[in-house]
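For reference, the structure discussed in these notes is given below.
Bear in mind these aren't lab numbers, they're just calculated from the coordinates by the rules spelled out. Note that this is a predicted model, so its numbers are computed, not measured. Cβ placement follows ideal geometry from the backbone for every residue including glycine, while neighbour counts extend to all protein chains displayed.
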Amino acid sequence: MFFHGNYQVTRHICPRNCYDACPILAYTRGGKIEYISGDTSDGSSARLCSKREDILATVYHPRRILYPQKQHGRGSGNWQRISWEEAIDTIARKMLSLKERYNSTLPLCLNKYSGNFGLLHFAVEGMFNGLGATTQTIGSPCFSSGIDAQNLDFGANITCDIRQLRESRLIILWGANPAWTSIHTMPVIYAAQERGAKVVVIDPVFTETARKADYYFELRPGSDAALATLLLQKLAQNKQLSYNPQQVTGAEELLAAALKAPAAKLRKATGLSAKAIDVLTELLAQNHPAHIWCGYGLQRHVESGLAVRLIDALSMLTGNIGIAGGGVNYADIGLLENIDFKLMQERSDTRFIDINNFAHSLKTLQNPPIKFLWIAGRNVLRQDANLTELNKLWSQLEFVVVADKFMTHSAKMADIFLPVTTEFEHLDVAGGYFVQHLGINEPAIPPRGEAKSDIDIARLLTRRLNELAPGTSTFPAHLSDEEFLSAEFTPDICEKLQIKKWQDLYQGPVRYRPPTPPWQEGKFATTDGKFHCCTLPKKFYQLQPTKEYPFHLLTPHAQEHINSQSHPLLKNLPEYPQVYLHPAAGEKLHLQDKHPAILWNDEGSITVTAHFREDLAPDIILSMQGASVNGGLNHLYKGLSTDLGELVNGAPGTAFYDVFVNIRPK
Ligand SMILES: Nc1nc2c(c(=O)[nH]1)N[C@H]1C(S)=C(S)[C@@H](COP(=O)(O)OP(=O)(O)OC[C@H]3O[C@@H](n4cnc5c(=O)[nH]c(N)nc54)[C@H](O)[C@@H]3O)O[C@H]1N2
Ligand SMILES: Nc1nc2c(c(=O)[nH]1)N[C@H]1C(S)=C(S)[C@@H](COP(=O)(O)OP(=O)(O)OC[C@H]3O[C@@H](n4cnc5c(=O)[nH]c(N)nc54)[C@H](O)[C@@H]3O)O[C@H]1N2
Ligand SMILES: [Mo]
């Protein structure tokens with residue numbers, strides 16, 4: 001904390017599930033945060049994303065819930081304010097009664113993810129693990145397939161310091177839209193462009209990032225594996241590959257298979273012309289170092305792990321790994337890898353269930369079934385796959401607790417609502433998974449109303465459980481936030497971060513990747529120290545529109561919202577999802593621009609507003625997830641596991657963008 005004129009200035013880091021985790025300064029006067037700005041003390045750009053207004057508005061928004069609430073009749077909207085004592089006592093008694101009825105703590109389930117990735121927020125897992133064997137979600141809706149792919153190829157998942165992109169001659173943004181989802185990367189991309197680098201975007205949609213690029217390749221959704229194979233084939237044919245065979249296994253087999261692959265068929269799958277493939281091949285062959293940024297969009301398809309593996313191989317076999325300005329950035333769970341998360345008190349008997357298939361777990365788990373659900377940092381009934389089924393199964397849950405700041409879709413279907421603090425009201429440490437800062441959240445103001453941090457809630461519940469039934473929980477509720485942090489920041493971790501103690505973060509965020517390119521020594525983290533090329537299947541598994549459902553529905557991440565966190569703007573949001581399609585496709589179906597329409601498939605049917613957009617392929621419908629009041633896009637997605645994901649994240653990824661629909665006027 002420091003003082004600037006009349007302002008008290010505190011340091012923060014955005015704890016949301018985002019590439020960037022922007023370092024923030026909050027300016028408080030007279031007990032109120034008046035504005036926030038980017039913290040540039042570790043060399044970050046001063047920009048905050050377009051959600052900065054919401055981030056501050058969240059704190060003071062009239063719709064924020066500041067007191068615990070109990071709902072009389074789930075979904076009735078008949079909420080009553082109650083005291084924390086009553087809320088915690090009711091929850092504790094329900095948990096104990098279920099434990100007694102089933103002679104097990106497995107009916108108690110935790111579903112937690114995106115809201116706040118701060119370290120101390122993992123106390124929620126700690127609170128559950130303190131009870132014994134419980135049921136908890138595992139996996140990730142974001143990136144699991146690609147994480148596994150990189151682990152299979154490199155033996156680990158390491159992203160270079162993005163500032164190295166300035167050294168690139170070619171930057172390929174492949175299935176990523178950083179102009180919206182990772183704004184701190186854009187200045188580095190522009191800097192590279194100014195130094196003569198060419199920027200390429202490969203995406204089925206002409207995005208804001210594509211607008212900034214030198215080349216845009218519009219490929220068919222889910223055809224990235226085919227495209228990478230074509231590039232390998234061409235480069236091999238032209239003898240434009242360059243790699244050290246000592247550092248790679250499987251290269252010859254992969255290239256032999258790529259050379260035999262049916263080029264015309266693959267080209268058709270990608271939708272790209274022979275000329276386009278030639279241009280991309282030459283760009284790769286002539287520009288060195290070339291950096292590929294593999295986004296998460298490309299791996300929200302069923303065979304996406306393979307696509308990422310082929311892209312890794314493309315980079316390796318063109319001699320782009322281990323050099324500044326080269327490499328394949330995907331995501332970096334570096335911080336998470338380093339920290340032990342002792343406060344989670346991990347146990348081996350947790351019953352883990354796939355975060356991307358919660359409905360399936362609710363339906364199939366027996367002995368004992370899930371009866372109690374604690375939702376923290378999630379909006380399950382808005383963001384999950386298979387929503388149609390999930391809604392049907394909800395009533396089998398005997399008790400639902402939602403800890404949140406707002407009355408979300410999920411909270412509306414809860415029995416108890418617990419109000420949580422924002423990153424301006426509690427202490428924590430958090431980091432991003434791409435732009436690698438680690439920073440602190442120090443309280444700028446006391447919690448508003450009766451809001452409490454998740455860790456405080458964990459302490460309260462643990463104490464009450466142990467009062468009612470001594471010995472119920474082993475969670476160390478007596479430890480302070482500072483003590484938890486001191487336990488996590490071991491000398492080893494501090495050394496990696498080049499700090500002496502976690503309190504050093506009060507001086508500003510630190511970067512946790514060394515400035516050298518990953519794999520510089522040519523040795524990889526695989527068992528034999530080599531890069532592992534994948535094998536090429538005989539046929540790619542690319543899902544295609546059908547006669548009945550002729551549109552591919554793509555629902556990528558919006559600029560103005562992060563996932564479903566757009567509550568402060570709710571009144572400005574459109575009621576229904578805005579969907580975009582080509583006017584020719586729309587007119588054929590008698591749709592009118594900016595008019596209501598019905599989007600449907602076998603899973604369900606939702607009301608949307610159709611908009612015509614000339615630059616879209618005729619069989620694509622685009623809608624940004626999280627950008628409407630009613631939402632409902634995931635009523636149309638039954639949930640399909642991706643080929644990889646289980647290895648590192650514990651559950652397969654999910655193919656959010658392999659959804660096929662039809663549309664008609666409403
Ligand atoms: N503003 C903002 N920032 C965010 C978020 C947000 O909601 N809003 N969410 C955060 C989270 S949780 C995540 S996971 C990340 C996600 O951020 P990104 O990695 O950027 O991922 P997506 O938005 O899912 O998709 C990126 C692009 O992939 C394209 N795409 C779809 N299918 C394919 C395909 O088959 N091949 C190729 N090559 N491209 C394809 C989409 O059209 C889209 O433009 O962003 C984080 N940052
Ligand atoms: N169709 C479609 N669906 C998708 C995606 C897609 O691309 N298309 N993307 C998927 C992806 S990548 C992701 S990551 C998921 C995201 O989906 P979720 O994991 O559900 O994340 P959010 O929608 O951001 O909701 C997080 C909730 O946490 C609350 N919250 C914020 N801070 C705190 C806190 O400190 N404590 C507690 N207890 N709560 C807090 C917020 O108010 C918000 O309601 O959605 C997935 N769903
Ligand atoms: Mo995500």
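As a quick test, which of the pairs Lys99/Lys392; Lys265/Lys547; Lys538/Lys588 have an alpha carbon distance above 29 angstrom in this structure?
On the way: Lys99/Lys392 25 Å; Lys265/Lys547 21 Å; Lys538/Lys588 37 Å.
Pairs exceeding 29 Å: Lys538/Lys588.
Counting Lys and Arg as +1 and Asp and Glu as -1, what is the net charge of the other residues whose Cβ lies under 15 Å from the Cβ of Leu390? Write down the numbers at each step before the final one.
Numbers: positive: Arg74, Lys363, Arg378, Arg382, Lys392, Lys412, Lys638; negative: Asp354, Asp384, Glu389, Glu603.
Charge balance in the 15 Å sphere: +3.
If the cut-off is a Cα-Cα distance under 19 Å, which aspartates and glutamates reach Lys268, setting aside same-chain residues fewer than 8 apart in sequence?
Output for Lys268: Asp203, Glu218, Asp224, Asp278, Glu303, Asp619, Asp658.
Defining a contact as two alpha carbons under 8 Å apart and six or more residues distant in sequence, what relative contact order in percent does segment 321-480 show? Write down the numbers at each step before the final one.
Numbers: 174 pairs, mean separation 25.7, N = 160.
Rounded, it is 16 percent for segment 321-480.
Please report the net charge: other residues with Cβ closer than 13 Å to the Cβ of Thr105, K and R +1, D and E -1. Before the final figure, lay out each step's value.
On the way: positive: Lys94, Lys99, Arg101, Arg347, Arg351, Lys371; negative: Glu100, Asp349.
Computed value for this residue: +4.
Listing Phe206, Phe399, Phe551 from the residue with the fewest other Cβ atoms within 10 Å to the one with the most, what is the order? Before the final figure, lay out each step's value.
Values: Phe206 17, Phe399 20, Phe551 25.
Ranked by crowding around the Cβ, least crowded first: Phe206, Phe399, Phe551.
Cα gyration tensor of segment 551-665, axes a ≥ b ≥ c as square roots of the eigenvalues: rounded (a/c below 1.5), prolate (a/b > b/c) or oblate? Can you show the working numbers first?
Details: a/c = 2.03, a/b = 1.35, b/c = 1.51.
Verdict is oblate for segment 551-665.
Sort out for me the Cα centre separation of segment 598-666 from segment 40-54, rounded to whole Å.
Segment 598-666 and segment 40-54 have Cα centres spaced 31 Å from each other.
What relative contact order, as a whole-number percentage, does the chain give when Cα pairs under 8 Å and 6 or more residues apart are counted? Can you show the working numbers first?
Numbers: 1533 pairs, mean separation 148.0, N = 666.
Result for the chain is 22 percent.
Going through segment 275-362, which trypsin sites (Lys or Arg not before Pro) have at most 16 other Cβ atoms within 10 Å and a DSSP loop state? All intermediate terms of the calculation are to be shown ahead of the outcome.
Details: sites: Lys275, Arg300, Arg309, Lys342, Arg347, Arg351; in loops: Arg300, Arg347.
Answer in residue order: Arg347.
For segment 51-133, build the charge dipole from Cβ charges (+1 Lys, Arg; -1 Asp, Glu) around the Cα centre, then report which of Gln71, Phe117, Trp84 sits farthest towards its positive end.
Checked the options; the winner is Gln71.
Membrane-span-like helices in the chain: DSSP H runs reaching 20 Å or more (Cα, own axis), mean Kyte hydropathy at least -0.5?
On the way: long enough: 84-102 (27 Å, -0.65); 454-468 (21 Å, -0.15).
Qualifying helices, which must be both long enough and hydrophobic enough, are 454-468.
Plugging the Kirkwood radius over Cα pairs into Stokes-Einstein for the chain, at a temperature of 25 °C and a viscosity of 0.890 mPa s, what D comes out in µm²/s?
On the way: Rh = 25.9 Å.
It diffuses with D of about 95 µm²/s by this estimate.
Arrange Trp174, Trp600 by Cβ neighbour counts within 10 Å, fewest through most, would you?
Details: Trp174 25, Trp600 17.
Taking fewest neighbouring Cβ atoms as first place, the list is Trp600, Trp174.
Over 28 Å between C-alpha atoms is what I'm after, so list which of Lys452/Lys501; Lys530/Lys638; Lys496/Lys523; Lys32/Lys112 land there. Working shown, then result.
Numbers: Lys452/Lys501 26 Å; Lys530/Lys638 39 Å; Lys496/Lys523 20 Å; Lys32/Lys112 30 Å.
Among Lys452/Lys501; Lys530/Lys638; Lys496/Lys523; Lys32/Lys112, the Cα-Cα distance tops 28 Å for Lys530/Lys638; Lys32/Lys112.
Hey, got the dipole for segment 255-356? About the Cα centre, +1 on K and R Cβ, -1 on D and E Cβ, debye to the nearest 20? Walk me through the numbers before you get to the answer.
Values: 10 positive and 10 negative charges, 109 e Å.
About 520 debye.
Please state the charge dipole magnitude for segment 551-665, taken about the Cα centre, from unit charges on C-beta atoms (+1 on K and R, -1 on D and E), reported in debye and rounded to the nearest 20. Intermediate values should be presented prior to the final figure.
Numbers: 6 positive and 12 negative charges, 69 e Å.
The calculated dipole for segment 551-665 is roughly 340 debye.
Arranged by the count of other C-beta atoms within 10 angstrom, fewest first, what order do Thr654, Thr607 take? Don't skip to the end; give the middle numbers.
Details: Thr654 29, Thr607 15.
So the ranking, lowest neighbour count to highest, is Thr607, Thr654.
Report, ordered by chain and residue number, the aspartates and glutamates lying within cross-link reach of Lys405, taken as a straight Cα distance under 14 Å and ignoring same-chain residues fewer than 8 apart.
Counting by Cα, and skipping residues close in sequence, Lys405 has these aspartates and glutamates nearby: Asp54, Glu423, Glu425, Glu450, Asp454.
Using just the helices of the chain, give the 222 nm mean residue ellipticity in deg cm²/dmol: DSSP H runs with n ≥ 4 each add -39,500 (n - 2.57), and the total is spread over all residues, rounded to 500.
Details: 21 runs with 186 residues, N = 666.
Calculated mean residue ellipticity at 222 nm is -8000 deg cm²/dmol.
Report Rg (one decimal) and Dmax (nearest whole number) for segment 160-330, counting Cα atoms only, units Å.
Every Cα atom of segment 160-330 included, Rg and Dmax give 14.8, 41 Å.
Check cross-link reach from Lys412 to the aspartates and glutamates: straight Cα distance under 13 Å, and skip same-chain residues fewer than eight apart.
Straight-line reach from Lys412, under 13 Å: Asp404.
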